[in-house]
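This report refers to the structure that appears directly beneath it.
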Amino acid sequence: MATAIAKAEDRVSVEHEYAARLGHVSKSFNGPAGPQLVLDDITLDVAPGEFVTLLGASGCGKSTLLNLVAGLDRPTAGSIETPGGRPALMFQEHALFPWLTAGKNIELALKLRGVPKGARRQEAERLLELVRLGGAFRKRVHELSGGMRQRVAMARALAQDSRLLLMDEPFAALDAITRDVLHDELTRIWRETNVSVLFVTHNVREAVRLAQRVVLLSSRPGRVAREWTVDIDQPRRIEDTAVAELSVEITEELRGEIRRHGQH
Ligand SMILES: Nc1ncnc2c1ncn2[C@@H]1O[C@H](COP(=O)(O)OP(=O)(O)O)[C@@H](O)[C@H]1O
Ligand SMILES: [Mg+2]
């Protein structure tokens, strides 16, 4: 039987010039006082295999932007291209089905992707191993800790075998130690699978810990305020001096953005 999952190296030849391309994207919502501009003229590329964090104050439009890239909503103006196919999406809430085991949650994602029945079990187990949850196949969601649930959610996102992983504050509800461990895991998985990641957070240290590039969004409306290339070797630690120094610089800029718009 042909392998259900193509390995990352087999796919290099079909890799596109970019994983996501946003051109002059704007988004308005209709409010009581008329249309409210939430995102204004966002132009941004994510390169194949690149890890980008999108950083901004709460309410600045990060989730709105990610939903647009995911194809869950449409921009009011501008274009969004994800030539590698439908992106995978992971949220702060794990959104696992509680009546299914960890393994069955992943098998369901494989089924939706069209993986043949006979190959699903083995592939679900491989994905659980990848997130270091081998042996948890039969565990139900309520038996898992918050960190373990997010690992299963990560495995389920990876089960979509997408070339672009969109993550919306996936670790925001976890305690600092668990989050730290999951940062390490995500960095490892990103390097092993060569997937492109667009990761949304309001946490500056997290943005710097993870990304090759940090894009700062302004508030009301969200615009690309500034971006930084993070030239620090991986794996990093959140407490590394270089991570701390860049975080201080970015925090200053973020504070300026928040002050400018009189929020919080
Ligand atoms: N479906 C919607 N209808 C109306 N307003 C929305 C909708 N979704 C988001 N908004 C508004 O857009 C702004 C940005 O929200 P969001 O993208 O969730 O911000 P963030 O994720 O950065 O915290 C907020 O003011 C929010 O109220
Ligand atoms: Mg959000």
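Observations on the structure shown:
- When LEU66, LEU96, LEU72 are checked against the criterion of being of a type in the set (A, V, I, L, M), buried (at least 20 other Cβ atoms within 10 Å of the Cβ), within 15 Å of ligand 1 (Cβ to nearest atom) and under 20 Å from the mean Cα position of the chain (by Cα), a single residue qualifies: LEU66.
- Of all residues in region 132-154, exactly one satisfies the criterion of being in a helix (DSSP H, G or I) and either of a type in the set (Phe, Trp, Tyr) or without any contact (Cβ under 8 Å) to a residue 12 or more places away in the chain (or both), namely GLU143.
- Yes/no for GLU206 being within 16 Å of ligand 1 (Cβ to nearest atom) and within 14 Å of the chain's Cα centre (by Cα): yes
- Tally of residues being in a helix (DSSP H, G or I) and either in contact with a Lys or Arg (Cβ under 7 Å, 6 or more places away or on another chain) or within 16 Å of ligand 2 (Cβ to nearest atom) (or both) across region 200-219: 4
- Within region 179-199, the residues that satisfy the criterion of being away from ligand 2 (no atom under 16 Å from the Cβ) and among the aliphatic types (A, V, I, L, M) are VAL181, LEU182, LEU186, ILE189, VAL195, VAL197.
- Residue, nearest to GLU253 (Cα to Cα), within region 55-106, restricted to residues that are part of a loop (DSSP other than H, G, I, E, B), among the polar types (S, T, N, Q) and within 16 Å of ligand 2 (Cβ to nearest atom): SER58
- You will find that of ALA176, ALA136, the residue that is of a type in the set (A, V, I, L, M) and either surrounded by 16 or more Cβ atoms within 10 Å (Cβ to Cβ) or within 16 Å of ligand 2 (Cβ to nearest atom) (or both) is ALA136 and no other.
FYI, it's all coordinate maths here, none of it is from the lab. Just so you know, these numbers come straight off a predicted model, no measurement behind them. Every residue, glycine among them, receives a Cβ derived from its backbone with ideal geometry; neighbour counts consider all protein chains shown.
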